[in-house]
1. Could you identify the single residue in B:97, B:105 that is over 11 Å from the mean Cα position of the chain (by Cα), within 14 Å of chain A (Cβ to nearest Cβ) and closer than 17 Å to residue B:32 by Cα?
2. Would you confirm whether or not segment B:75-83 contains a residue that is within 10 Å of the chain's Cα centre (by Cα), crowded, with 20+ Cβ neighbours inside 10 Å and in a loop (DSSP other than H, G, I, E, B)?
3. Based on what the data block shows, is residue A:58 within 14 Å of another protein chain (Cβ to nearest Cβ) and within 16 Å of residue A:98 (Cα to Cα)?
4. If I filter segment A:76-87 for residues that are more than 11 Å from every other protein chain (Cβ to nearest Cβ), within 26 Å of residue B:108 (Cα to Cα) and surrounded by 14 or more Cβ atoms within 10 Å (Cβ to Cβ), do I get at least one hit?
5. Restricting the search to segment A:15-53, which residues are surrounded by fewer than 13 Cβ atoms within 10 Å (Cβ to Cβ) and without any contact (Cβ under 8 Å) to a residue 40 or more places away in the chain?
6. Which count do you get for residues in segment B:15-45 that are within 11 Å of another protein chain (Cβ to nearest Cβ), crowded, with 18+ Cβ neighbours inside 10 Å and either touching a residue at least 24 places away in the same chain (Cβ under 8 Å) or under 14 Å from residue B:94 (Cβ atoms) (or both)?
7. Assess whether residue B:92 counts as being outside any loop (DSSP other than H, G, I, E, B) and within 14 Å of chain A (Cβ to nearest Cβ).
8. Residue B:110: crowded, with 19+ Cβ neighbours inside 10 Å, in a strand (DSSP E or B), within 14 Å of chain A (Cβ to nearest Cβ) and in contact with a helix residue (DSSP H, G or I) (Cβ under 8 Å, 6 or more places away or on another chain), yes or no?
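Please treat every number below as a calculation from the coordinates, not as lab data. Since this is a predicted model, take the numbers as computed values, not measurements. Cβ sites come from the backbone with ideal geometry, for glycine too, and all protein chains shown count toward neighbours.
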């Protein structure tokens, strides 16, 4: 069964460092998403991406964040200068269409900022 | 904007007992509703969804949920749980028009004891 894969599963970084989280969405999907979950809190929407551009983003997704689809398979989230409050589980998801909101998620990448 | 409240952060239950996980939503427009499940070390996967039609929705693994528009609820139920149902359960809502991006709750941890 096709699945969304994310790497790394866990990354520890120092405050101020750049981090890139990688995702390989399901191959025939067209819509890509990043969500995050700070421990004990809600799963929060960060950004959606369609047709090689951001289609929607939340207020969390400020200038420190960027997304890219560098080739036909990868979808990356970059945090330019990490802060302590960026520590969270980051989930990548993809969907075939936007109409019904059914997303397929990866296992998540846990980011710990020290 | 829409929002989701999952009233219980943790629900412990004995095997073969019934369970209900509560979800209330807030939205000024019509919505689609979802329950996702996350088993340990896995990504979120869709358990069931309400798009339209019958308010009682059946999903995988014997789960069902009922959409109650007047109470703005979408509670998840199972008449008899198994140890393997131990997981994190997320309720989500998306608008039926415009952005279909789901908004998630904080999750409810279902712990099934033998």
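1. Only one candidate qualifies: B:97.
2. Looking for residues that are within 10 Å of the chain's Cα centre (by Cα), crowded, with 20+ Cβ neighbours inside 10 Å and in a loop (DSSP other than H, G, I, E, B), one finds none in segment B:75-83, hence no.
3. No, not satisfied.
4. yes
5. Scanning segment A:15-53 gives A:40, A:41, A:51, A:52, A:53.
6. 8
7. Yes.
8. No.
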